Each structure stands twice: as C-alpha cells, then as structure tokens.
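The values are calculated or read from the model by the stated rules, or taken from the named source; none is laboratory data. The structure displayed is predicted, hence computed values, not measured ones. Cβ atoms come from the backbone with ideal geometry, glycine included; neighbour counts cover every protein chain shown. These accessible areas exclude ligands, DNA and RNA; they are computed on the full protein's heavy atoms, side chains included. Shrake-Rupley method; radii C 1.70, N 1.55, O 1.52, S 1.80 Å.
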Amino acid sequence: MSYSHLLVSVAVSPESHQLVARAVSIARPHNARISLITLAAEPEMYNQLAAPMLEDIRDVLQEETQQFLRELADRAEYPVYRTIIATGELNDHILSICRKENIDLVICGNHNQSFFSRAACSAKSIVASSLVDVLLVPLGGN
C-alpha cells in the first residue's frame, strides 16, 4: 500500500530519528509528504514567585524544540513538508491534522518508559479513534 502524506509523532529524544527513518523508508518510494508533530514542553508553575520567569522558560523550550525538529528534518535526507509543535492533548491535534492535511498514515513510537510513555498513551487513543492507518514503531530495547 502506498501513502501520500505521513504524520510522524516525535519527541525531543534521539529515538525520534528511528521514527523519521521509518517514515522516510515508507515515503521515499512514492514521493509522499512527511510532516512532524511534537508536544511542547510546558514548565510547571510551582508558585507565584516563579510566574514572571515562566514566559522566558517557555520561549527557551520552544526554541529548543524548534531546533530539534530542524535537526530531525536535516538528518532525514528527505524533504519534511511541515513541522508542528502542539500543546495539550496530542491525540486531539493528530486527529485534527489528519482531517485538515489529508494524512493517510500516522507513525508513533511504542516505548514503555521515559518521555515516550506519554506518546504511548496517546498512541492507544489514536489507534482507537483514527480514521487512517497508524504504525506503531517499537523503540528502545534491542
């Protein structure tokens, strides 16, 4: 089966390169588009004394996330159509983007620890509610 537009759910983690490589291997033979989506890291508000610094922290985290997405795209050796930094529920963003951008394959990492545990939870709900194919790529242990 060939796909025309793949959406890859990544995190700021070296394992995301595996997901992008898998997407490229699927997209390249058919000249399909690849888009990347990730969740923005949100600093926690510990108390009101920290509140004035949170906006600066958000800006730094946003820039780090954008830089990581640029690195992923550069190392893909394949054009990345779009990168998206989302906040809130990843599942909701993915389902919306699938409808708006005519995504026909979503690629998610399947990992049971670290940052990807959030993505794994999202992957379950994406699989349950998706109207498009979802590929879960095992990450981590060999």
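Of note:
- Flag for residue 64 being open to solvent by 40 Å² or more (accessible area, probe 1.4 Å), modelled with pLDDT of 90 or more, among the acidic types (Asp, Glu) and in a helix (DSSP H, G or I): yes
- Pair list, Cβ under 8 Å, 6 or more apart: the range 1-16 residue modelled with pLDDT of 90 or more, other residue of a type in the set (Ser, Thr, Tyr) and open to solvent by 70 Å² or more (accessible area, probe 1.4 Å): 5/81
- Leading residue by the ranking (farthest from the chain's Cα centre (by Cα)) among those in the range 71-96 that are part of a helix (DSSP H, G or I), surrounded by 18 or more Cβ atoms within 10 Å (Cβ to Cβ) and not polar (S, T, N, Q): 76
- Members of the range 4-15 that are small (Gly, Ala, Ser) and more than 8 Å from the chain's Cα centre (by Cα): 4, 13
- Positions within the range 97-124 being outside any loop (DSSP other than H, G, I, E, B), of a type in the set (S, T, N, Q) and either modelled with pLDDT under 55 or under 20 Å from residue 2 (Cβ atoms) (or both), in sequence order: 117
- Taking the criterion of being open to solvent by 20 Å² or more (accessible area, probe 1.4 Å), modelled with pLDDT of 90 or more and among the small types (Gly, Ala, Ser), the residues of the range 17-43 that qualify are 21, 25.
- Residue 46 more than 26 Å from residue 127 (Cα to Cα), modelled with pLDDT under 95 and among the aromatic types (Phe, Trp, Tyr): yes
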